[in-house]
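Colleague: Input: one structure, supplied below.
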Amino acid sequence: MTETKNGGIKLEWICRLLMTIDIGVILSGYFSWFQTKRQLVSPLIPRTTVFEIFSDVSDRDFKISMASALIFLVGLWLYSFKKKIPAVIAFSSTIAFLFLYKFLH
């Protein structure tokens, strides 16, 4: 009986750790988007150049964050219904999605 209880506690902490990392993944895209937007405000830089830089760099990171947020939401729903193993898979897939997208593009 104690093995099951200890396993449940470990799984609980794994979920909490992965949720914290996922929040960082999601926020990184938002921070990148706002940082790029604030840095490119200059009368010396043409609007077309600003738009190209913004769409190349920030837009991609923002899209990654939005997709990660959706996967994270699925994990939260699973976690709230006490489906911890599928929740761990969803939380891990958020991180895996970020790394795959960053390395493939």
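Colleague: Checking THR36 against (1) exposed (fewer than 15 other Cβ atoms within 10 Å of the Cβ); (2) more than 13 Å from the chain's Cα centre (by Cα); (3) of a type in the set (S, T, N, Q), only one condition comes out false. Which one?
Modeller: The failed condition is (1).
Colleague: Would you confirm whether or not the range 10-23 contains a residue that is loosely packed, with under 13 Cβ neighbours inside 10 Å, under 12 Å from the mean Cα position of the chain (by Cα) and on the phi < 0 side of the Ramachandran plot?
Modeller: Yes, there is a match, as at least one residue in the range 10-23 is loosely packed, with under 13 Cβ neighbours inside 10 Å, under 12 Å from the mean Cα position of the chain (by Cα) and on the phi < 0 side of the Ramachandran plot.
Colleague: Any residue that is at positive phi and either outside any helix (DSSP H, G or I) or touching a Gly at 6+ places or on another chain (Cβ under 6 Å) (or both) - is there at least one of those in the range 83-98?
Modeller: For the range 83-98, residues at positive phi and either outside any helix (DSSP H, G or I) or touching a Gly at 6+ places or on another chain (Cβ under 6 Å) (or both): absent.
Colleague: Can you pull out every residue in the range 61-79 that is aliphatic (A, V, I, L, M) and either in contact (Cβ under 8 Å) with a residue 12 or more places away in the chain or buried (at least 16 other Cβ atoms within 10 Å of the Cβ) (or both)?
Modeller: Across the range 61-79, the qualifying residues are ILE64, MET66, ALA67, ALA69, ILE71, VAL74, LEU76, LEU78.
Colleague: In addition: Take the range 54-105 and flag every residue that is of a type in the set (S, T, N, Q), in contact with a helix residue (DSSP H, G or I) (Cβ under 7 Å, 6 or more places away or on another chain) and farther than 23 Å from GLU12 by Cβ.
Modeller: SER58, SER65
Computed from the coordinates by the stated procedures, all read-outs in this text should not be read as laboratory data. This is a predicted model, so every value here is computed, not measured. Heads up, the Cβs are rebuilt from the backbone with ideal geometry, glycines too, and the neighbour counts pull from every protein chain shown.
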